[in-house]
Amino acid sequence: MSRILSFSTDDQFAVELEKMIQESGYKNRSMFLRDASLFFSDSLLRGDLQSMDDKEIVEGTLIIYYQHGIEQKLLNIRHSHSIEVSSYHHNCLTESHTCVDTLQTRASVASIRSVLDQLKNTTQIDRVQFVTAPTRSNGCC
């Protein structure tokens with residue numbers, strides 16, 4: 001069941017909004033505004049990873065860009081009991097000459113922070129980020 005919500009805005013914001021929607025690749029305003037609202041409310045209610053309670057359980061995607069030579073460290077993290085990895089994917093990016101691993105994870109905030117700290121302090125890792133999954137009271141799964 002769909003429900004229509006509307007809001008008023010000035011002309012300049014409306015023009016900028018349409019520009020953002022087009023540049024982001026969304027095909028319609030409703031989907032863009034829905035996703036933006038969900039993202040904003042999730043960030044507002046839960047905060048970022050640094051402000052969450054250590055014991056809170058989060059799900060999300062761990063993204064690691066790196067150079068060869070640290071695969072054993074990544075394997076050890078995947079098989080540790082500190083985080084639960086439900087899915088893992090590796091890809092070699094030929095244009096940037098970088099490897100990227102993505103791990104769908106579930107763990108306490110403290111455990112995710114610990115893993116991030118370990119990875120950020122590894123010399124052959126170029127970038128590491130954790131993207132928390134949005135929370136909903138019901139949905140597909």
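Pick out the one residue from Ser87, Ser114 that is among the hydroxyl-bearing types (Ser, Thr, Tyr) and surrounded by 10 or more Cβ atoms within 10 Å (Cβ to Cβ).
Being among the hydroxyl-bearing types (Ser, Thr, Tyr) and surrounded by 10 or more Cβ atoms within 10 Å (Cβ to Cβ) holds for just one of Ser87, Ser114, which is Ser114.
Any chance the stretch 46-64 includes a residue that's among the hydroxyl-bearing types (Ser, Thr, Tyr) and modelled with pLDDT under 85?
Yes, because at least one residue in the stretch 46-64 is among the hydroxyl-bearing types (Ser, Thr, Tyr) and modelled with pLDDT under 85.
Which members of the stretch 82-141 meet the condition of being of a type in the set (Asp, Glu) and in contact with a helix residue (DSSP H, G or I) (Cβ under 7 Å, 6 or more places away or on another chain)?
Matches in the stretch 82-141: Asp101 only.
Being of a type in the set (Gly, Ala, Ser), in a strand (DSSP E or B) and within 18 Å of Leu74 (Cα to Cα) is the filter here; which residues of the stretch 98-141 pass it?
Ala107
Here are Lys19, Lys73: which of them is more than 18 Å from the chain's Cα centre (by Cα) and farther than 30 Å from Ser111 by Cα?
Lys19
The values are calculated or read from the model by the stated rules, or taken from the named source; none is laboratory data. Keep in mind the model is a prediction, meaning the values are calculated, not measured. When we count neighbours, we look across all protein chains shown, and the Cβ atoms used for this are built from the backbone with ideal geometry, even at glycine.
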